[in-house]
Amino acid sequence: MSRTQCHWLPLFSSVLLTGCSSIAGSWKTSEVRPQGAGFPISQVTFDAEGKYTATGEYSAQGAYSGDTHTTTGAYTRQWQTVRVSPIGGPPLEYKTRRRLDGKLVMTLKVPGQDGEVTAVLTPATP
């Protein structure tokens, strides 16, 4: 193997292991585990400047009503943690990862509870 190939091998390997790491774009929830659990996001758009818009059945304050709500705010991403800060509500932290098939997996440790809820999100049109 040439020296140039040796330099590309670690980069190529890390891309294969982590998939595409960007979360910018529009996503819709396609699966929630445990099945039947509530997840705050039905659809979300993360822009490249750190802003997001999400729709779901939870208000910015985290109250479930069954009605569709739209929340906006800022997000930051550090490694596999995304922190969303909705306008008018408390921030939430999600563990995130991109699967090799391009889907986004987000896990929320429910505030004030022991459990976690995981959602698989697929690319959506904004």
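Quick one: count up the residues across the range 96-126 that are part of a strand (DSSP E or B) and either of a type in the set (Val, Ile, Thr) or touching a helix residue (DSSP H, G or I) at 6+ places or on another chain (Cβ under 9 Å) (or both). It would help to see each step written out before you state the result.
Pass one, the range 96-126, residues part of a strand (DSSP E or B): 96-98, 104-109, 116-123.
Remaining after also requiring either of a type in the set (Val, Ile, Thr) or touching a helix residue (DSSP H, G or I) at 6+ places or on another chain (Cβ under 9 Å) (or both): 96-98, 105, 107, 117-118, 120, 122.
So the answer is 9.
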Residues in the range 106-117 that are touching a Phe, Trp or Tyr at 6+ places or on another chain (Cβ under 9 Å) and touching a residue at least 40 places away in the same chain (Cβ under 8 Å) total 3
So, first residue closer than 17 Å to TYR94 by Cβ and touching a residue at least 24 places away in the same chain (Cβ under 8 Å) in the range 56-79, second residue small (Gly, Ala, Ser) and in a strand (DSSP E or B), Cβ within less than 6 Å, six or more apart or across chains; the pairs are ALA74/SER85
Condition set within 11 Å of the chain's Cα centre (by Cα) and among the aromatic types (Phe, Trp, Tyr), scope the range 70-100, selection farthest from SER22 (Cα to Cα): answer is TYR94
From the option list THR70, THR76, single residue qualifying as within 17 Å of ALA124 (Cβ to Cβ) and in contact with a strand residue (DSSP E or B) (Cβ under 9 Å, 6 or more places away or on another chain) is THR70
When restricted to GLY56, GLY66, the only residue over 15 Å from ARG83 (Cα atoms), surrounded by 13 or more Cβ atoms within 10 Å (Cβ to Cβ) and modelled with pLDDT under 95 is GLY56
Restricted to the range 73-94 and to residues being at pLDDT 95 or above and surrounded by fewer than 14 Cβ atoms within 10 Å (Cβ to Cβ), the residue farthest from SER30 (Cα to Cα) is THR76
When the range 95-105 is checked residue by residue, the ones that are touching a residue at least 24 places away in the same chain (Cβ under 8 Å), open to solvent by less than 60 Å² (accessible area, probe 1.4 Å) and at negative phi are THR96, ARG98, LEU104
Within the range 80-123, the residues that are more than 15 Å from ILE41 (Cα to Cα) and among the small types (Gly, Ala, Ser) are GLY88, GLY102, GLY112, GLY115
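The values are calculated or read from the model by the stated rules, or taken from the named source; none is laboratory data. In this text the structure is predicted, and so the values were computed from the model without any measurement. All Cβ positions, even for glycine, are placed from backbone atoms using ideal geometry, and neighbour counts span all protein chains on display. Ligands, DNA and RNA are excluded from the accessible area calculation, which covers all protein heavy atoms including side chains. Shrake-Rupley method; radii C 1.70, N 1.55, O 1.52, S 1.80 Å.
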